[in-house]
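*Asks:* Here you go, one structure.
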Amino acid sequence: MRIHEINNQYVLAVSYGNYLKADGGVDKVIAEHCQLFNNAGVSYIQIAPLKPGGISGMIFNCIKRNIYTLVIDGSFQKLVDEEEIIRMLMRYERGEKQMIAFHIHHLKKNNIRFLNRISSIAKCNTYFFVHDYNSICEHPNLLENGSRFCGYTAKPCDDCIDCQYVHGIKSIQQKTRKILGSFKNLYIVAPSKIAMNLWLMTFGDLVQENHCFVVPHQKAFGVNTLVPDLNDKIKIAFLGKFGDNKGKNEWIKVANVVKSEKLEYELFYFGTSDIKIDGVTNVYVQVKPDNPKAMYEALVDNGINCAFLWSLCPETYSYTYHEAYSANCLVITDSDSGNIASLVNENNNGKVYSTIEQFISDLRDDTILDIMNKSTSKGPLKYEANTDILNLVGGKGCIEPTYVKQSNVDLQMLIINAIYKALQWHMLR
């Protein structure tokens, strides 16, 4: 089985899953990086451990081989094991294919030994991306007992004796140190100062100060002078994933108060959840690679005045904030929301509350309009993927690709790929 042709320079990226099959923040970033590097003539290879459940999981566990998905330049190739990946990289090395960067987007599901083997082949810098806090704690959002931000300060977590994650935090941090400490040319990349500073509180000794870069996922262009009309009622919308850590329970409390007290507000939910809340109008919105402005357009089309982004955890970036800002929505957020709260204060385009009761009080007192009038900031006309990530690596690749032949046919891997494709076909029926 042959694999995709690649350019003379390439980036190798490791994550926890196939980004073509998911729509999370990490997956979106990897897809954007792939496009940016491809546009610069550099191939982008992504591998991720496959940890399937059900029948496929039983089959792979019986075979007892560490299986990975292989995606090259945005196209899924096949399933491979560790040895096949190592052979592929060594063939590239012999064929004068240059790995110009080794990107680690997530340590989850990956093992130290395999990453070290890749590092021994790579003659380039290693970049670790801080997408969440999974390298610090078992809970990727640093939520105490999965409910609210624990106020993490990098002190020994013995004080958090009542938290269910306290027993695993030391082993997770030891694993992070063992993996990242083994790379000679390690760079840390975070999408915000909030994320970088929080991560460095724990692992600042692992990396040189001049090897830490804050690179937001997007760049802003222009100024949007269009402001949502203010009709009879102020329109407030909850945006994105409808989860507990995103403020679902607080939003339900707001909706109950608005309905029971007959307050003059229109409430909306913009996202993919089908949960119905009395008094809230659901608008289905799904941001996808072929429709990246879906949320922005929905906000503008529906004339939303305020965006409710009540994250209970320190967000490292928040695409929804930038979508709301671009649509010139006032942003209502919680003081623990990380980069959201930081950007609201920086851009003066909303208000940061300590408690949901404070926000409800403002709703009752009808002071939201005053807050809107004091918010003078105008959002950008558009956001685009940040090309600064290319500047970190440097160099342009050869546009003309060469074909890479697959050698040493592995019968067992052929069988595994056939099973995987059959299961994928069955799930799509």
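Every number here is computed from the coordinates shown, using simple stated rules; none is lab data. Just so it is clear, the model here is predicted, and its values are computed rather than measured. Cβ placement follows ideal geometry from the backbone for every residue including glycine, while neighbour counts extend to all protein chains displayed.
*Asks:* Would you mind checking which residues have amide H under 5 Å from Ala13's amide H? H placed 1.01 Å from N; only 5 or more apart, or other chain.
*Replies:* Amide H neighbours of Ala13: Ile45, Gln46, Ile47, His103.
*Asks:* Nearest 0.05, what FRET efficiency do Glu357 and Ser273 give at R0 = 30 Å with Cβ-Cβ as r? Don't skip to the answer; put the middle values down first.
*Replies:* Numbers: r = 25 Å, r/R0 = 0.82.
Efficiency, rounded to the nearest 0.05: 0.75.
*Asks:* Could you give me the ³J(HN,Hα) list for region 142-149, computed from phi with Karplus coefficients 6.51, -1.76, 1.60 and θ = phi - 60°, whole Hz, x at Gly and Pro?
*Replies:* My calculation for region 142-149 gives 6, 9, 5, 6, x, 10, 8, 3 Hz in order.
*Asks:* How much of the DSSP bridge set in the chain is antiparallel, in percent, rounded to the nearest 5? Could you put the intermediate results ahead of the total?
*Replies:* Numbers: 19 of 63 bridges.
Approximately 30 percent, going by the DSSP bridge assignments.
*Asks:* Structure shown: which of Lys51/Lys178; Lys175/Lys246; Lys108/Lys253; Lys288/Lys374; Lys109/Lys170; Lys28/Lys108 lie over 26 Å apart, alpha-carbon to alpha-carbon? Don't skip to the end; give the middle numbers.
*Replies:* Numbers: Lys51/Lys178 23 Å; Lys175/Lys246 28 Å; Lys108/Lys253 35 Å; Lys288/Lys374 34 Å; Lys109/Lys170 17 Å; Lys28/Lys108 17 Å.
Distance filter (> 26 Å) returns Lys175/Lys246; Lys108/Lys253; Lys288/Lys374.
*Asks:* In degrees from 0 to 90, rounded to the nearest 10, what is the angle of the helix 248-260 Cα long axis to the longest principal axis of the chain?
*Replies:* It is inclined by approximately 20 degrees.
*Asks:* Right, another one. Using modelled backbone amide H atoms (1.01 Å from N, in-plane), which distant-in-sequence or interchain residues come within less than 5 Å of Leu330's amide H?
*Replies:* Those qualifying (amide H under 5 Å, at least 5 residues apart or on another chain) are Cys306, Ala307.
*Asks:* Something else: Report ³J(HN,Hα) in whole Hz for each residue of region 121-133, in order, from the Karplus equation J = 6.51 cos²θ - 1.76 cosθ + 1.60 where θ = phi - 60°; Gly and Pro get x.
*Replies:* 8, 5, 10, 8, 6, 9, 10, 9, 9, 8, 8, 8, 10
*Asks:* Can you put Asp81, Asp366 in order, fewest other beta carbons within 10 Å first? Present the calculation step by step, with values, prior to reporting the outcome.
*Replies:* Numbers: Asp81 18, Asp366 12.
Ranking Asp81, Asp366 by Cβ neighbours within 10 Å, fewest first, gives Asp366, Asp81.
*Asks:* Once the principal axes of the Cα atoms of the chain are found, what is the range along each, listed largest first in whole angstroms?
*Replies:* Principal extents (largest minus smallest coordinate, Cα): 72, 49, 46 Å.
*Asks:* Mean separation of Cα pairs under 8 Å and 6+ residues apart, divided by the residue count of the chain: what relative contact order is that in percent? Intermediate results must be reported in sequence, preceding the final value.
*Replies:* On the way: 746 pairs, mean separation 77.7, N = 429.
With pairs under 8 Å counted, the relative contact order is 18 percent.
*Asks:* For the chain, what does the helix formula give at 222 nm: sum of -39500 (n - 2.57) over DSSP H segments with n ≥ 4, over the residue count, nearest 500 deg cm²/dmol?
*Replies:* Values: 14 runs with 150 residues, N = 429.
Calculated from helices alone, the mean residue ellipticity at 222 nm is -10500 deg cm²/dmol.
*Asks:* How would His33, His211 line up from fewest to most surrounding beta-carbon atoms within 10 angstrom?
*Replies:* Least crowded to most crowded, the residues run His211, His33.
*Asks:* For a Förster distance of 22 Å, can you work out the FRET efficiency between the beta-carbons of Lys259 and Ser335, rounded to the nearest 0.05?
*Replies:* Working: r = 26 Å, r/R0 = 1.19.
Given R0 = 22 Å and the Cβ-Cβ separation, E is 0.25.
*Asks:* Hey, can you grab everything whose amide H is under 5 Å from the amide H of Asn7? Only 5+ residues off in sequence or another chain; H modelled, so Pro and N-termini drop out.
*Replies:* Excluding prolines and chain starts, which carry no amide H, the hits are Ser43.
*Asks:* Ok, one more. Can you sort Lys262, Lys378 from fewest to most other Cβ atoms within 10 Å of each residue's own Cβ?
*Replies:* Working: Lys262 6, Lys378 17.
Fewest-to-most Cβ neighbours within 10 Å comes out as Lys262, Lys378.
*Asks:* Arg94 to Asn39: FRET efficiency via 1/(1 + (r/R0)^6), r the Cβ-Cβ distance, R0 22 Å, to the nearest 0.05?
*Replies:* Numbers: r = 27 Å, r/R0 = 1.25.
FRET efficiency, Arg94 to Asn39: 0.20.
*Asks:* Using only Cα atoms, find the angle between the long axis of helix 25-39 and the longest principal axis of the chain, and express it within 0 to 90 degrees, rounded to the nearest 10.
*Replies:* Orientation of helix 25-39: about 60 degrees from the principal axis.
*Asks:* Take peptides 122-132, 296-306, 367-377 and line them up by average Cβ neighbours within 10 Å, highest first, as a rough protection proxy.
*Replies:* On the way: 122-132: 21.3, 296-306: 19.5, 367-377: 13.5.
Most protected by this proxy first, the peptides run 122-132, 296-306, 367-377.
*Asks:* Counting DSSP beta bridges with both partners in region 234-383, what percentage is antiparallel, nearest 5?
*Replies:* Numbers: 1 of 24 bridges.
So the antiparallel bridges amount to about 5 percent of the total.
*Asks:* Quick one: length gained pulling Asn348 to Lys51 fully straight, 0.36 nm per residue minus the C-alpha distance? All intermediate terms of the calculation are to be shown ahead of the outcome.
*Replies:* Working: separation 297, 0.36 × 297 = 106.92 nm, distance 4.40 nm.
Taking 0.36 nm per residue and subtracting the Cα distance, the gain is 102.5 nm.
*Asks:* For helix 356-365, report the angle its Cα long axis makes with the longest principal axis of the Cα atoms of the chain; keep it between 0 and 90° and round to the nearest 10°.
*Replies:* 40 degrees
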